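Notes follow once the structure below has been shown.
The values are calculated or read from the model by the stated rules, or taken from the named source; none is laboratory data. This structure is a prediction, so every number in the text was calculated from the model and none was measured. Cβ placement follows ideal geometry from the backbone for every residue including glycine, while neighbour counts extend to all protein chains displayed. Side chains are part of the model used for accessible areas, which takes the heavy atoms of the whole protein and leaves out ligands, DNA and RNA. Shrake-Rupley method; radii C 1.70, N 1.55, O 1.52, S 1.80 Å.
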Amino acid sequence: MPNKARVRLWQLGILLAFLGLWEWGARTGRLDKLYFAQPSEIAARIVKWFSEGEIYRHLWVTSVEMLLAFAIGTLLGVAMGLWLALSPPVAAVLDPYIKALNSIPRVLLAPIFTIWFGLGMLKMIALGITLVFFVAFFNTYQGVREVNPVVLANARMLGADGSRLLRHVYLPSAASWIFSSLRTSIGFAVIGAVIGEYLGSAAGLGYVIQQAEGVFDTTGVFAGIAVLMAFVLVLDHLVSRVEARLLRWRPQAVENQV
């Protein structure tokens, strides 16, 4: 606990020093207000948004898009990873196609999804799925391939069939890989939703930032970014709590034991 307290104090001190320098530079003219709004003005704008209640609608839209993209992308990625890891011939055939699809910058897909799905939530969900899917897929695929061959051979000697091998050997082997990738998947789901909103939507945090940028409202842009960062930090904290609970059996890191 003392170590954690010191870390938190250092983190808070760095943040306050950074904001203080930023505020000082903006107030004294060393930073052009056209490009750098004052932190005090940004904070006032955020307070105004929450007091008026309009920002809650945008947070809700982004949250729904992110959660659906995360859930669907993870399920599809895990299922595909299991299938290909357990079917080496199929994996060999599909390998170049998977690599080719993964190499496509997701930003380039946003205009195509706009044509296909319009400006509704479906576009942002689809864009998030394309980001989350490959994270879950590669982690699951690698986790299954990392199964200890001795454990696998012993399970087969004891008469385990395909379903039992999947339930008691393959899935436990891939579980740590899958759960450890949850935090990354959440981040990619948020990125997909916000990028889709930014490039064309009617609501969401990306829409708020894009609207502020369209009228050269620097304060609104930074306020939207600050709300987005706080939103992601909250999600990251929740995912870390879930990960710690689900992977309670995993050995603690050395630095956490000191």
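If the reach is capped at under 29 angstrom between alpha carbons, list the lysines near Lys48, excluding any in the same chain fewer than eight residues apart.
Partners found: Lys33.
Between Leu76 and Asp236, what FRET efficiency comes out of the Förster formula 1/(1 + (r/R0)^6) with R0 = 30 Å and r the beta carbon distance, rounded to 0.05? Before the final figure, lay out the partial values.
Working: r = 23 Å, r/R0 = 0.76.
Here the calculated transfer efficiency is 0.85.
What figure, in Å² to the nearest 10, do you get for the accessible area of Thr74 with a 1.4 Å probe and non-protein molecules left out?
Approximately 20 Å² for this residue.
With r defined as the distance between the Cβ atoms of Leu119 and Ala5 and R0 fixed at 35 Å, what FRET efficiency is calculated, to the nearest 0.05? Write down the numbers at each step before the final one.
Details: r = 47 Å, r/R0 = 1.34.
Rounded to the nearest 0.05, the efficiency is 0.15.
Dividing the convex hull volume of the alpha carbon atoms of segment 1-144 by its residue count, what do you get in Å³ per residue?
Details: hull volume 29.7 nm³, N = 144.
Expressed per residue, the convex hull around the Cα atoms of segment 1-144 is 206 Å³.
Give, in nm to one decimal, the length gained when the segment between Leu67 and Gln142 is fully stretched (0.36 nm per residue of separation minus the Cα-Cα distance).
Numbers: separation 75, 0.36 × 75 = 27.00 nm, distance 2.45 nm.
My answer for the length gained is 24.6 nm.
Apply 1/(1 + (r/R0)^6) to the Cβ-Cβ distance of Ala17 and Ser87, taking R0 = 45 Å, and write down the FRET efficiency to the nearest 0.05. Before the final figure, lay out the partial values.
Numbers: r = 55 Å, r/R0 = 1.22.
It comes to 0.25.
State the Kirkwood hydrodynamic radius of segment 83-130 in Å, one decimal place, computed from all pairs of distinct Cα atoms. Before the final figure, lay out the partial values.
Numbers: mean 1/r = 0.0811 Å⁻¹.
Every distinct Cα pair counted, the radius reaches 12.3 Å.
On the accessible surface of segment 1-74, probed at 1.4 Å, how many percent belong to carbon and sulfur atoms?
Ligands and nucleic acids excluded, carbon and sulfur give 71 percent.
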